[in-house]
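Colleague: For reference, the structure I am asking about is given below.
The values are calculated or read from the model by the stated rules, or taken from the named source; none is laboratory data. These figures come from a predicted structure and were not determined experimentally. Don't worry about glycine lacking a Cβ; one is built from the backbone with ideal geometry, like all the others, and counts go over all protein chains shown.
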Amino acid sequence: MSYYLYIINVFLLATVKYFYSPMYGFFLGLSFIETSLTVLTGGVFGFFVFYYITDIFLIYVRHLKPVIVKVTPHKTRLRYSNWQMKRKRKAKTKKVFTKRNKFFVKARQSYGMWGIILLTPVALSIPIGAFLLRKYYGHRKEAIPVAVIVLVLEGMVICGVSWFVFGN
């Protein structure tokens with residue numbers, strides 16, 4: 001029974017942290033083929049889940065938020081707008097960019113869709129990469145197939161390198 005739990009563990013880790021999954025599979029004692037298949041399926045599954053959850057989130061923000069604002073009582077909207085104005089005043093003086101935010105912006109501006117797709121398994125995590133891809137390049141038809149192909153290719157490379165480094 002613990003064998004199946006190991007497979008599920010590696011699968012779930014691959015849906016979120018793709019880069020570390022092969023090493024984890026090695027330390028659990030799974031074979032190269034088991035680890036590779038589990039990591040690849042987990043990564044692709046995680047990409048699709050987070051890509052379409054982002055789609056639902058963006059639809060909510062775009063379509064349901066104005067409806068909720070119309071239904072909300074006037075006093076509540078007034079309090080919220082006052083809170084927003086106070087927050088904007090504070091934000092003007094305290095605008096801080098972290099290294100991570102600068103990295104995301106630079107990757108998008110410099111490399112575009114290909115940069116996000118190539119950096120998703122290695123530098124970004126799958127949820128962040130899927131979110132950025134859907135938000136900025138969801139209108140492009142080739143975004144999903146290219147992302148899946150790159151996930152599979154980089155997954156095979158990561159599995160091969162991790163098994164070579166931690167070798168049997």
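Colleague: Among the residues of the range 41-72, write down those that are touching a helix residue (DSSP H, G or I) at 6+ places or on another chain (Cβ under 9 Å), assigned to a helix (DSSP H, G or I) and either β-branched (Val, Ile, Thr) or surrounded by 20 or more Cβ atoms within 10 Å (Cβ to Cβ) (or both).
Modeller: Of everything in the range 41-72, those that are touching a helix residue (DSSP H, G or I) at 6+ places or on another chain (Cβ under 9 Å), assigned to a helix (DSSP H, G or I) and either β-branched (Val, Ile, Thr) or surrounded by 20 or more Cβ atoms within 10 Å (Cβ to Cβ) (or both) turn out to be Thr41, Gly42, Gly43, Val44, Gly46, Phe47, Val49, Phe50, Tyr51, Ile53, Thr54, Val69.
Colleague: Here is a follow-up. Select from the range 25-39 the residues that are surrounded by fewer than 16 Cβ atoms within 10 Å (Cβ to Cβ) and assigned to a helix (DSSP H, G or I) and write down the one among them that is modelled with the lowest pLDDT.
Modeller: Among them, the one singled out is Phe27.
Colleague: Of the residues that make up the range 88-98, is at least one within 18 Å of Val16 (Cα to Cα) and either in contact with a Ser or Thr (Cβ under 7 Å, 6 or more places away or on another chain) or surrounded by fewer than 13 Cβ atoms within 10 Å (Cβ to Cβ) (or both)?
Modeller: no
Colleague: Would you confirm whether or not the range 115-123 contains a residue that is out of contact with any strand residue (DSSP E or B) (no Cβ under 7 Å at 6 or more places or on another chain), in a loop (DSSP other than H, G, I, E, B) and surrounded by fewer than 20 Cβ atoms within 10 Å (Cβ to Cβ)?
Modeller: Checked the range 115-123: at least one residue is out of contact with any strand residue (DSSP E or B) (no Cβ under 7 Å at 6 or more places or on another chain), in a loop (DSSP other than H, G, I, E, B) and surrounded by fewer than 20 Cβ atoms within 10 Å (Cβ to Cβ).
Colleague: Looking at the range 32-91, which of its residues are farther than 30 Å from Ile8 by Cβ and among the β-branched types (Val, Ile, Thr)?
Modeller: Correct list: Ile59, Val61, Val67, Ile68, Val69, Val71, Thr72, Thr76.
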